[in-house]
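First the structure, in the form of structure tokens, and then the observations on it.
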Amino acid sequence: MNRQSIDRISHATHSWLGLKLSLFMSFVLLTGTFAVISLEIDWLLTPEMRSTEFVEPESVAWGASYDAMRKEYKDYELTGIFRFSDPWYSLQSLATTPWQENVRLWTNPKDGTLLGVTSFYSIQRFFRSIHRNLMMPVRIGVPIVTFLAFPLLISLVAGFIVYKKFWLGLFKLPRFKRKTRVWSGDLHRLTGLWTSWFVALITITSVWYFIEEVGGNSPPFPQPAAQIIDRDLAIPEGFSGADLETAVENALKELPGLQIRRIIFPSSPGAPILIGGDLSASLVRPRANSVYIDPSNLNVLGSYVGEDLRLHNRISEAADPLHFGYFGGIFSKTIWFLAGLLMTSMAITGVVIYSNRLLARPGTAQRA
């Protein structure tokens, strides 16, 4: 096959994929773009989420928060307490009411004062669900969305084959004074060049999500090295905020320097308290550095850190920070949001280009 044939096939493939999947692709890209900053949108709309005081990670009032929630909502089943990476957020706790409603409890990280209760459903939850699985059952929706990575990858490669000496177009401004077909084509190529790294990154992580969903899940994290003392309750009767503070102190002795981001309470009598957060490993979620605590005596049962995880685990842990861009806080999320908007606009201008080509063919209406 000669070069001309390869170019023709690549052009047809790039155009066909872009046209057939344009609306669906644009929807997934746009919802994913807003999913990146959805937590910040919630922060703006939800007063309970806004911390009145910034505190250092080691000064967070875990115990006082626990006591405040237990005093006010003693019948609620507490799932865990979570600290966001940015200091302007309140502590978030997930709980289930006696009537089986999932809610979020918010406390002041400085002194544990209860700030309020909100529904589990939020802007962040909406964009996460609609982007990840189209509000469908996860086993159906996730494979559909992540499968888009394959035609997107093919389209990316085909686009570079079609665009000869693409590096010369990095600073070539669109000719907006020309007809729609011309300027939209220029804008499409320029946007595609500057976001190609981002498209490749989103594509690769989406392929990984697809692999995980069809059976390539990472192996479980290391389990506790010691056995848990037999008990009848998930959380011993009389467990208090002082006990939680002791558990936190023991976790910090086990993993010095751990910046605690999550405390997961046991859901069954045989489960430990799990205290996790940020340590030294890069591109991992807070769960990648964790300490197991026995709720009965507050002893450490075991621990693990991100550097000791298997390669499969490390790849799985890196997928979310890279896909949603939260590894660098608000700075990286802003870059990801802007790149996502450009990527979405590229899908839209691709449709404009193809539509105008169809209109330009003999026998059709004049192009715009």
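The set of residues in segment 287-316 that are in contact with a Lys or Arg (Cβ under 6 Å, 6 or more places away or on another chain) and at pLDDT 95 or above is empty.
Right, Ala200: assigned to a helix (DSSP H, G or I) and surrounded by fewer than 16 Cβ atoms within 10 Å (Cβ to Cβ) or not?
Criteria met by Ala200.
Taking Arg8 as meeting all but one of (1) of a type in the set (Lys, Arg); (2) assigned by TED's automatic domain parsing to the domain that holds Ala149; (3) at pLDDT 95 or above, write down the number of the exception. All conditions pass for Arg8, except number (3). Applying a threshold of 9 Å to beta carbon distances and a minimum spacing of six or more residues, or different chains, the list of pairs starting in segment 328-344 at a residue that is within 20 Å of Ser85 (Cβ to Cβ) and touching a residue at least 24 places away in the same chain (Cβ under 8 Å) and ending at one that is buried (at least 16 other Cβ atoms within 10 Å of the Cβ) and acidic (Asp, Glu) reads Ile330/Glu40; Lys333/Glu40. Screening the candidates Leu187, Leu193 for the property of being in contact (Cβ under 8 Å) with a residue 60 or more places away in the chain and either over 32 Å from the mean Cα position of the chain (by Cα) or not assigned by TED's automatic domain parsing to the domain that holds Gly63 (or both) yields one hit, Leu187. For segment 118-177, filtering for residues that are modelled with pLDDT under 80 and under 21 Å from Gly32 (Cβ atoms) leaves 1. Among the small types (Gly, Ala, Ser) and more than 27 Å from the chain's Cα centre (by Cα) - does that describe any residue in segment 289-308? Checked against the condition, which is being among the small types (Gly, Ala, Ser) and more than 27 Å from the chain's Cα centre (by Cα), segment 289-308 yields at least one hit.
For segment 296-354, name all the residues that are among the polar types (S, T, N, Q) and under 20 Å from Leu152 (Cβ atoms). Passing the criteria: Thr344, Ser345, Thr349.
Taking the conditions (1) β-branched (Val, Ile, Thr); (2) modelled with pLDDT of 80 or more; (3) buried (at least 17 other Cβ atoms within 10 Å of the Cβ) in turn, Ile228 satisfies each one other than (2). What do you reckon, is Trp88 closer than 29 Å to Ser59 by Cα and surrounded by 15 or more Cβ atoms within 10 Å (Cβ to Cβ)? Answer is no for this residue.
Is there a residue in segment 124-146 that is of a type in the set (A, V, I, L, M, F, W, C), under 17 Å from Ala200 (Cβ atoms) and surrounded by 16 or more Cβ atoms within 10 Å (Cβ to Cβ)? Taking every residue of segment 124-146 in turn, none turns out to be of a type in the set (A, V, I, L, M, F, W, C), under 17 Å from Ala200 (Cβ atoms) and surrounded by 16 or more Cβ atoms within 10 Å (Cβ to Cβ). Scanning segment 240-288 for residues that are polar (S, T, N, Q) and closer than 22 Å to Gln92 by Cβ yields Ser240, Gln259, Ser267. Of everything listed in (1) surrounded by 12 or more Cβ atoms within 10 Å (Cβ to Cβ); (2) assigned to a loop (DSSP other than H, G, I, E, B); (3) over 30 Å from the mean Cα position of the chain (by Cα), the single unmet condition for Asp243 is (2). Go through the residues of segment 26-49 one by one and say whether even a single one is modelled with pLDDT of 90 or more, in a helix (DSSP H, G or I), under 27 Å from Lys164 (Cβ atoms) and touching a helix residue (DSSP H, G or I) at 6+ places or on another chain (Cβ under 7 Å). The answer is yes, given that some residue of segment 26-49 is modelled with pLDDT of 90 or more, in a helix (DSSP H, G or I), under 27 Å from Lys164 (Cβ atoms) and touching a helix residue (DSSP H, G or I) at 6+ places or on another chain (Cβ under 7 Å). Screening Phe54 on (1) modelled with pLDDT of 95 or more; (2) farther than 30 Å from Tyr209 by Cα shows it passes everything except condition (1). When the test is whether a residue is assigned to a helix (DSSP H, G or I) and of a type in the set (Gly, Ala, Ser), Ala251 passes it.
Scanning segment 156-199 for residues that are among the hydroxyl-bearing types (Ser, Thr, Tyr) and touching an Asp or Glu at 6+ places or on another chain (Cβ under 8 Å) yields a total of 0. Could you please give the count of residues in segment 246-286 that are of a type in the set (D, E, K, R) and surrounded by fewer than 16 Cβ atoms within 10 Å (Cβ to Cβ)? The qualifying residues number 2.
The values are calculated or read from the model by the stated rules, or taken from the named source; none is laboratory data. This structure is a prediction, so every number in the text was calculated from the model and none was measured. Glycine gets a Cβ as well: all are built from the backbone with ideal geometry, and neighbour counts include every protein chain shown.
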